[in-house]
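One structure below.
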Amino acid sequence: MTTFSANVHQNVYLPRGEAVVHAIVAFAAEEIDRGPSNGRLGADAVEVVMLDCSASMASPPAKLEGARTATCKAVDKLRDGTWFAIVAGTSFARLVYPPQKYEQGSSSFSPSLARASRATRTAAREAVQRLEANGGTAISTWLTLARRLFDTCPDAIHHAILLADGRNESEEAERLAAELGRCVGKFQCDCLGVGTDWERTELQAVSDALLGSTDIIPDPSQMDGMFEAITEKAMSKRVGSVALQLLTPVGGAVNFVNQVSPELLNLTEKANLRQPFGRDSEWRTVQEAEPDRPLLSVYPTGAWATGEEREYHVCLTVPPQEVGPENELRAARVSLAVDGVPAVQVPVRAQWTEDLEMSTRINRTVAHYTGQEELATSIEQGLEARRAGDHKAATQKLGRAAHLAHLSGNEPSTRLLERVVQIDDAEQGIVRLRTDVSKEDEMTLDTRSRRTVRLRNPSRP
C-alpha cells in the first residue's frame, strides 16, 4: 500500500500588515505493506514511444541506428502485461507496432496497443529494425496518434517518450499548440532531443504541458542508457491521478505554485479553480475566482512512484490580521489527492507579530529553492544574452548563476557552467565567458538548468 507524507517549511511570522506568505511543501510516497491501495496502485500502464523518422535522422546514420537500438532496449524494460505501442513520426504519424488495423473498405484505421510479453517484444524489435528515415517533422500528428492510443485504455497510467532530432518545420506552431491542449491530462511525456539541431523551447513546451521533462542526447551512443532510464522510471509509477490541492480562505489568493524538486516546473497556469455555491455549498469549477468565497485550486502532478519525493514552492496572498497568536490564520490547506480524495494534508500558517527578529527570519528551505529558481532564470537569461552578442549582460547573469550554484551546492550546474564560462571566484560570482564553447555544451546547460538539488539538513536552523 502506498501512502503519502507531507512537511511544510516556512516562517509562520509576518510583520504587521504583510499579506504575502511563502512556503515549501514537501511530499513523499511511501510503501507500508503490500496490501490494497487507494488510487490506481498497480493499475495497468501504457507506454508509447514516438520516434523521429524524418530524413535528418539518416545523417549521420548512427542516429537512426541508435534510435532503433534504444527503442528495443526500452521495450525490454517494460513490465510483463504493460500495454505499449511504437510510433514513427515524420510529417505524419505511423503506427509501427502493433501493426495498423485498417477498417474494411476504408483508409482509416483503429489504433490498438500490444501487451508486453516475450512474443510481442520480439515482434516489436523486428518491426523497429525495419524503420527508415524520410520526410519532414510534424510533431502534432505524433501526439494525435499517441492520444488516440491512450484513449483505448483510459484507466491505466499513461506515459510517452518522444525523440526528435530537428525542429518542427512541417507544420504551423499553432497546430502543435492546439494538439497539446487536447493532450493535457491524457498522458505524461518525456522528450529527448538528439544532437544539436532541435529547438529546446519546442520540446520543452511539449514536456511542460504534459508534466514531463526534456533532456539532450549529445551523442547517439548515449540513447540506450537514456531510453532505459526513462522506461524504468515510468514502470516504477504506481499511483495515478495525483493532484496538488490548495484551499484558501475568503480574501485569500494563490500567487503561484512551482514544483522546485526534483526539477523546476511552473504549475500556476495549470490550476483548475473551484468554489462553493448554493445552499448546499456545492463546489463548482469557475474561470475566475470570486474573492468573497473560499477557493480550491487543483494542480495536476501526474503519476507517482513509491519512494518518490517532490517539493513545491507555494506563494499566497492573505488578508492581514491583528498581531498576536490568537489571530493566527490558516493561509492554505495543502493536500495531495488521489482520484480527488485527499491522501495527506498540511496547513500553511500565518501569524502577525511586531517582533522584527521573528518576522525577518528567512526559512532555509524557502531561501534555498528561491535561489534555485533564480539560478535557472539566470542561466536562461545569460545564454540568451550570449547568443545576442551582449557579453556584458551574459557575464553578469552567468556570474550570478555561478554564485547561486556554489551557494546551494548545485555541483551538476556548476560543472555545466564551467563549460561555458571560466569561474574565477564562485563565491563572488566572478566569471569570464569562454570563446571556444560548443553548441552541445551550450544546449546541455540550457536544457538541464531546471534540475535542482535538495537542501542538505533542512531541519537545521
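The values are calculated or read from the model by the stated rules, or taken from the named source; none is laboratory data. Because the structure is a prediction, the values reported are computed rather than measured. Cβ sites come from the backbone with ideal geometry, for glycine too, and all protein chains shown count toward neighbours.
If I filter the range 231-254 down to residues being touching a Leu at 6+ places or on another chain (Cβ under 8 Å) and part of a helix (DSSP H, G or I), which single residue comes out as surrounded by the most Cβ atoms within 10 Å (Cβ to Cβ)? Give the steps one after another, and end with the answer.
Narrowing the range 231-254 to residues touching a Leu at 6+ places or on another chain (Cβ under 8 Å): 231, 235, 238-239, 242-249, 252-254.
Pick out the ones that are also part of a helix (DSSP H, G or I) and you get 231, 235.
Numbers: 231: 26, 235: 18.
Among them, the one singled out is 231.
Hey, can you tell me all the residues within the range 41-55 that are under 19 Å from residue 241 (Cβ atoms) and modelled with pLDDT of 95 or more?
Correct list: 45, 46, 47, 48.
Among 282, 269, which is free of Cβ contacts under 8 Å to residues at least 24 places away in the same chain and either within 14 Å of the chain's Cα centre (by Cα) or surrounded by 19 or more Cβ atoms within 10 Å (Cβ to Cβ) (or both)?
269
Name the pairs: first residue in the range 58-87 and part of a helix (DSSP H, G or I), second residue crowded, with 19+ Cβ neighbours inside 10 Å and among the polar types (S, T, N, Q), Cβ to Cβ under 7 Å, at least 6 apart or on different chains?
74/231; 77/231
Quick one: what pairs do we get from the range 106-132, first residue more than 15 Å from residue 87 (Cβ to Cβ), second of a type in the set (Ser, Thr, Tyr) and not in a strand (DSSP E or B), C-beta under 6 Å, 6+ apart or different chains?
That search, which allows pairs on different chains as well, returns 116/82.
Residue 197: at pLDDT below 95 and loosely packed, with under 15 Cβ neighbours inside 10 Å, yes or no?
no
Looking at residue 167, is it surrounded by fewer than 24 Cβ atoms within 10 Å (Cβ to Cβ), touching a residue at least 12 places away in the same chain (Cβ under 8 Å), farther than 22 Å from residue 447 by Cβ and among the charged types (D, E, K, R)?
no
Test residue 216 against the stated conditions and say whether it is touching an Asp or Glu at 6+ places or on another chain (Cβ under 6 Å), assigned by TED's automatic domain parsing to the domain that holds residue 153 and closer than 30 Å to residue 365 by Cα.
No, not satisfied.
Looking only at the range 368-384, decide whether some residue is at pLDDT below 95 and either closer than 24 Å to residue 417 by Cβ or out of contact with any strand residue (DSSP E or B) (no Cβ under 6 Å at 6 or more places or on another chain) (or both).
Within the range 368-384 (the criterion being at pLDDT below 95 and either closer than 24 Å to residue 417 by Cβ or out of contact with any strand residue (DSSP E or B) (no Cβ under 6 Å at 6 or more places or on another chain) (or both)), the answer is no, since none of the residues qualifies.
Take residue 377 and tell me if it is closer than 28 Å to residue 311 by Cα, among the hydroxyl-bearing types (Ser, Thr, Tyr), in contact with a His (Cβ under 9 Å, 6 or more places away or on another chain) and not in a loop (DSSP other than H, G, I, E, B).
no
Could we say that residue 264 is touching a residue at least 40 places away in the same chain (Cβ under 8 Å) and among the aliphatic types (A, V, I, L, M) here?
yes
Listed residues 301, 395; which is hydroxyl-bearing (Ser, Thr, Tyr), surrounded by fewer than 22 Cβ atoms within 10 Å (Cβ to Cβ) and either farther than 30 Å from residue 47 by Cα or free of Cβ contacts under 8 Å to residues at least 12 places away in the same chain (or both)?
Answer to the selection: 395.
Quick check on my filter: what residues within the range 296-319 are touching a Gly at 6+ places or on another chain (Cβ under 9 Å) and among the aromatic types (Phe, Trp, Tyr)?
304
Determine whether the range 334-344 contains at least one residue that is surrounded by fewer than 18 Cβ atoms within 10 Å (Cβ to Cβ), in a helix (DSSP H, G or I) and out of contact with any Ser or Thr (no Cβ under 8 Å at 6 or more places or on another chain).
no
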